[in-house]
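Please read the structure below before turning to the comments.
The values are calculated or read from the model by the stated rules, or taken from the named source; none is laboratory data. Quick caveat, the model's predicted, so the values are computed rather than measured. Cβ atoms come from the backbone with ideal geometry, glycine included; neighbour counts cover every protein chain shown.
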């Protein structure tokens, strides 16, 4: 039973590319574009904490599972790649 | 009791002044006088089987002063039933066969003239509030003759407002719709010449959403809104359909009675009404963003300033009532957002028929503003249906950044409860 539970959880997980699509949607709603380069600085593209929170909610809505926001410690999130890494990782918590 | 009365030839008891007003219920045109007077225990909690049974209980109270709590069965759960039996009420369903009584656990003498209302209560647990016909009667000045729609659930404060008006004032007729007729009320109302109607903003939005053309065929001269925060958009939409009707909104509750009545077609009330004392009139104040009312029409056992639990916001020269204090305020990363204000912006969009705004748990900020909306039905060839992004941008143009709802879910139907509210 336990291993089945794990497998189901993995099936709901979003890939890095899927999260990237959601991130593009967040920006598109504000008439902004997500650059293809993961190294793009969030400050330069205007992706702020409100946008980050919205993206997390979109991930939750897609997977139907709550993210455990308290699990990981504080870290520096400065680039598009940081955001994607963080959310991919958060799904494992 | 200060309501005018006439003698009932049959019983020798005084009849209320409106006894010959027309009452349309279940499609039948009657008068208060032609309704049967049921035999009731005293004190009694009547669970009305349908609208007509509720009206007969109301008339019985008006004639005999029976101590009465009136409700529908669905609003009285097992715990409340036990509480009522413990409090000395005979409890029973009233239908065509009369009252099917359950004897009280602790019988007691009745308190003549006493009416009890069950409030929905901010805690979710219904609470009993004591009134009389007199404290429930808030329209006392002589009114032009009107035929009123009564869409409310029997025994609620709003229901009593319409019922006492018709019972106590000659020329105030009543057309009652049952819950299963609610979606089709404009047809019933047009057929019986309804020219005055009172409903919650949710009720009006739902009616406009379902069939605005049918609504326009009802010859309304008086439109009243209450029971929920009233925003500018719904007032404007009703004005568009009824350019010459008087459109009023009322702030009333079973605790403080009808305290605010506004006829100028604008949301909120003038800021200079605050802290104005006049004999026989409620005094309105604001303490810590909460509306406080000192009213001559409050429920029994309540006195002095009453904290209403409703949140207010002063915007220019108006005081807006934005929602319940415990649910209206959303804290987004330390910035306070009023759900009611955001809701007002969303419903101000021409394609939005209804909106609910709430806070949702989110990383970094703690909570985030999210919304559910129902869009107005698109006309043929109408390509101007907004998507989530368009609604987000509409809000972003009018609200501070942290107040913009980021997730907006589109529902297909306006949710409504028995109270005709949406819990927005």
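See the values below:
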item	result
Test: residue B:172 is farther than 30 Å from residue B:325 by Cβ and surrounded by fewer than 19 Cβ atoms within 10 Å (Cβ to Cβ)	no
Residues (modelled with pLDDT under 90 and surrounded by 16 or more Cβ atoms within 10 Å (Cβ to Cβ)) located in the stretch A:70-84	A:77
Selected residue (criterion: surrounded by the fewest Cβ atoms within 10 Å (Cβ to Cβ)) from residues of the stretch B:402-414 that are over 22 Å from residue B:332 (Cβ atoms) and free of Cβ contacts under 8 Å to residues at least 60 places away in the same chain	B:412
Candidate set from the stretch B:379-401 (those that are away from chain A (no Cβ under 12 Å) and free of Cβ contacts under 8 Å to residues at least 12 places away in the same chain); member that is nearest to the chain's Cα centre (by Cα)	B:379
Scope the stretch A:23-40; condition more than 8 Å from every other protein chain (Cβ to nearest Cβ) and loosely packed, with under 13 Cβ neighbours inside 10 Å; matching residues	A:33, A:36, A:37, A:39
Residue that is at pLDDT 95 or above, in contact with a strand residue (DSSP E or B) (Cβ under 7 Å, 6 or more places away or on another chain) and over 21 Å from residue B:132 (Cα atoms), where the choices are B:81, B:100, B:22	B:22
Qualifying residue in the stretch B:49-72 (condition: without any contact (Cβ under 8 Å) to a residue 12 or more places away in the chain and surrounded by fewer than 19 Cβ atoms within 10 Å (Cβ to Cβ))	no
Exclusive hit being surrounded by 15 or more Cβ atoms within 10 Å (Cβ to Cβ), within 23 Å of residue B:289 (Cα to Cα) and in contact (Cβ under 8 Å) with a residue 12 or more places away in the chain, set B:341, B:374	B:341
Matching residues, the stretch B:12-32, being in a loop (DSSP other than H, G, I, E, B) and either in contact with a helix residue (DSSP H, G or I) (Cβ under 7 Å, 6 or more places away or on another chain) or buried (at least 19 other Cβ atoms within 10 Å of the Cβ) (or both)	B:13, B:17, B:18, B:19, B:21, B:26, B:32
Some residue of the stretch B:246-261 being at pLDDT 95 or above, within 24 Å of residue B:353 (Cβ to Cβ) and not in a strand (DSSP E or B)	no
Any hit, the stretch B:226-234, residues being in contact (Cβ under 8 Å) with a residue 60 or more places away in the chain and in a strand (DSSP E or B)	yes
Residue in the stretch B:198-211 that is within 27 Å of residue B:59 (Cβ to Cβ), at pLDDT 95 or above and assigned to a strand (DSSP E or B) present	no
Single unsatisfied condition, residue B:165 versus (1) surrounded by 17 or more Cβ atoms within 10 Å (Cβ to Cβ); (2) out of contact with any helix residue (DSSP H, G or I) (no Cβ under 8 Å at 6 or more places or on another chain); (3) over 26 Å from residue B:16 (Cβ atoms)	(3)
Residues located in the stretch B:300-315, provided they are in contact (Cβ under 8 Å) with a residue 24 or more places away in the chain and outside any strand (DSSP E or B)	B:300, B:301, B:302
Condition met for residue B:355 (in contact with a strand residue (DSSP E or B) (Cβ under 8 Å, 6 or more places away or on another chain) and under 18 Å from residue B:397 (Cβ atoms))	yes
Exclusive hit being within 18 Å of residue A:14 (Cα to Cα), more than 9 Å from every other protein chain (Cβ to nearest Cβ), touching a helix residue (DSSP H, G or I) at 6+ places or on another chain (Cβ under 9 Å) and surrounded by fewer than 16 Cβ atoms within 10 Å (Cβ to Cβ), set A:46, A:64	A:64
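Quick grid of which residues meet (1) within 14 Å of chain A (Cβ to nearest Cβ); (2) under 26 Å from residue A:76 (Cα atoms); (3) in a strand (DSSP E or B):
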{"position": "B:323", "(1), (2), (3)": "no, no, yes"}
{"position": "B:327", "(1), (2), (3)": "no, no, no"}
{"position": "B:331", "(1), (2), (3)": "yes, yes, yes"}
{"position": "B:336", "(1), (2), (3)": "no, no, yes"}
{"position": "B:343", "(1), (2), (3)": "no, no, no"}
{"position": "B:349", "(1), (2), (3)": "no, no, no"}
{"position": "B:356", "(1), (2), (3)": "no, no, yes"}
{"position": "B:374", "(1), (2), (3)": "no, no, yes"}
